[in-house]
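Here is the structure we will look at, set down as structure tokens.
What follows is calculated from the coordinates using simple rules that are stated; it is not laboratory data. Values in this document were obtained by computation on a predicted structure and should not be read as measured data. Positions of Cβ are backbone-derived with ideal geometry, glycine not excepted, and every protein chain shown enters the neighbour counts.
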Amino acid sequence: MELRELGRTGLKLSTVGFGASPLGNVFGTVPEEQAIASVRFAFQSGINFFDTSPFYGGTLSETVLGKALKALNVPRSDYIVATKCGRYKEGFDFSAERVTKSVEESLERLQLDYVDILQCHDIEFGSLNQIVEETIPALQKLKEAGKTRFIGITGLPLEIYSYVLDRVPPGTLDVVLSYCHHCINDTTLEDLVPYLKSKGVGVINASPLAMGLLTEAGPPEWHPASAELKSACQAAATHCKEKGKNISKLALQYSLVNKDITSVLVGMRSVEQVEENVAAARELAASGIDEETLSEVENILKPVKNQSWPSGIQQS
């Protein structure tokens, strides 16, 4: 598995990252033994980056991931763990007091002394001014105290990143985690990458399958995409299937091609899923992407290219 440097952190992350939200039973029940086996197999396959949040499964994802990492029985420096703060089952709270307490709770569940990356989770649902003036300074203190090595922010609307980065001292933030904006159907993150690099910030991309849009099974019922976008993605998936291709594999490979993006997080819940994702990454490294099918899929998705959906609260 290829490793890439994350901004100026010195961390080297596997290009495929293990998204641990499914371990919180977010997409159906995952038996604990299956979760532990998935993490073990991922690690043995070269995946060294694991991402979770107290929000996933109401803290269950963190707890299960903690057990799975402990069961690896390898030095702590062999894997990289990211978690988040500010978003919880009961709602959002970006206050300094809550995020400080949150990290202690997360470390306990993860059975770790520190996390490598701590991120404010979906900041568009809070006041961005509070994020700048209160939350990030609290995270800096946690960094100084050794509870986390690096800090970052996550969210859907891309404009939140420049809003925050333009208002905090240079070097304050180490990483951003963007999702659903570096997929075959939406490549708007690419326009922001030069700006993020100029700020010295590492970039992690999540949800290369656009939260299920780029799958044969299609997205979950609650998916916020428009009917037009869902329909176009379904047509693209059907086209791939008729050609004997898999749109999910193509979508993951597409996200992995951009070397300015350090790691692509994919939610995984079974050894089989890990196997498929690792095989897709290895195939890409060996023989490149299927340009013909990619071009056909891009053509089908052209009418809905870069179409997204609203997320967060109106900022005053």
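Can we say Phe94 is of a type outside the set (Gly, Ala, Ser), over 18 Å from Leu112 (Cβ atoms) and either part of a strand (DSSP E or B) or without any contact (Cβ under 8 Å) to a residue 60 or more places away in the chain (or both)? Spelling it out, Phe94 is indeed of a type outside the set (Gly, Ala, Ser), over 18 Å from Leu112 (Cβ atoms) and either part of a strand (DSSP E or B) or without any contact (Cβ under 8 Å) to a residue 60 or more places away in the chain (or both).
Residues Pro310, Pro220: which one is loosely packed, with under 13 Cβ neighbours inside 10 Å and within 24 Å of Val176 (Cβ to Cβ)?
Working: Pro220 fails: within 24 Å of Val176 (Cβ to Cβ).
After applying the criteria, what remains is Pro310.
Those helices (runs of 4 or more DSSP H) of segment 209-316 in which at least 3 residues are over 26 Å from Pro22 (Cα atoms) and among the hydrophobic types (A, V, I, L, M, F, W, C), considering only elements entirely within it, cover 291-301. When segment 54-91 is filtered for residues that are surrounded by 19 or more Cβ atoms within 10 Å (Cβ to Cβ), of a type in the set (Ser, Thr, Tyr) and assigned to a helix (DSSP H, G or I), the ones remaining, listed by number, are Ser61, Thr63. Under the condition of being touching a strand residue (DSSP E or B) at 6+ places or on another chain (Cβ under 8 Å) and either of a type in the set (Ser, Thr, Tyr) or crowded, with 23+ Cβ neighbours inside 10 Å (or both), the residues counted in segment 181-195 number 2. Give the residues of segment 1-37 that are out of contact with any Leu (no Cβ under 8 Å at 6 or more places or on another chain), small (Gly, Ala, Ser) and in a helix (DSSP H, G or I), sorted by residue number. Answer for segment 1-37, where residues must be out of contact with any Leu (no Cβ under 8 Å at 6 or more places or on another chain), small (Gly, Ala, Ser) and in a helix (DSSP H, G or I): Ser21, Ala37. Of all residues in segment 4-18 being in contact (Cβ under 8 Å) with a residue 12 or more places away in the chain and among the small types (Gly, Ala, Ser), which is surrounded by the fewest Cβ atoms within 10 Å (Cβ to Cβ)? Looking at residues that are in contact (Cβ under 8 Å) with a residue 12 or more places away in the chain and among the small types (Gly, Ala, Ser), I get Gly7. Restricting the first member to segment 60-79 and to residues that are closer than 14 Å to Tyr114 by Cβ and in contact (Cβ under 8 Å) with a residue 12 or more places away in the chain, and the second to residues that are β-branched (Val, Ile, Thr) and assigned to a helix (DSSP H, G or I), the beta-carbon pairs closer than 7 Å and six or more apart or on different chains are Leu69/Val39. Among the residues of segment 255-269, which ones are surrounded by fewer than 16 Cβ atoms within 10 Å (Cβ to Cβ) and either of a type in the set (Val, Ile, Thr) or within 10 Å of Ala42 (Cα to Cα) (or both)? Listed by number, the list holds a single entry, Val257.
Candidates in segment 130-143 are the residues that are in contact (Cβ under 8 Å) with a residue 40 or more places away in the chain and out of contact with any strand residue (DSSP E or B) (no Cβ under 7 Å at 6 or more places or on another chain); of these, the one that is nearest to Val99 (Cα to Cα) is Ala138. Every test in (1) under 18 Å from the mean Cα position of the chain (by Cα); (2) surrounded by 22 or more Cβ atoms within 10 Å (Cβ to Cβ) is passed by Phe43 save one, and that test is (2).
Would you be able to say whether some residue in segment 111-120 is of a type in the set (D, E, K, R) and surrounded by 18 or more Cβ atoms within 10 Å (Cβ to Cβ)? Scanning segment 111-120, I find at least one residue that is of a type in the set (D, E, K, R) and surrounded by 18 or more Cβ atoms within 10 Å (Cβ to Cβ), so the answer is yes.
Out of Gly146, Gly152, which single residue is closer than 30 Å to Gln111 by Cβ and either outside any loop (DSSP other than H, G, I, E, B) or touching a residue at least 60 places away in the same chain (Cβ under 8 Å) (or both)?
Gly152
Taken together, the criteria exclude Glu105 from residues that are assigned to a helix (DSSP H, G or I) and either hydrophobic (A, V, I, L, M, F, W, C) or more than 26 Å from Phe27 (Cβ to Cβ) (or both). Entry remark, segment 148-177: residues being more than 21 Å from the chain's Cα centre (by Cα) and on the phi < 0 side of the Ramachandran plot number 5 in total.
Look at segment 159-180 and say how many of its residues are in a loop (DSSP other than H, G, I, E, B), without any contact (Cβ under 8 Å) to a residue 60 or more places away in the chain and crowded, with 17+ Cβ neighbours inside 10 Å. Number of matching residues: 3.
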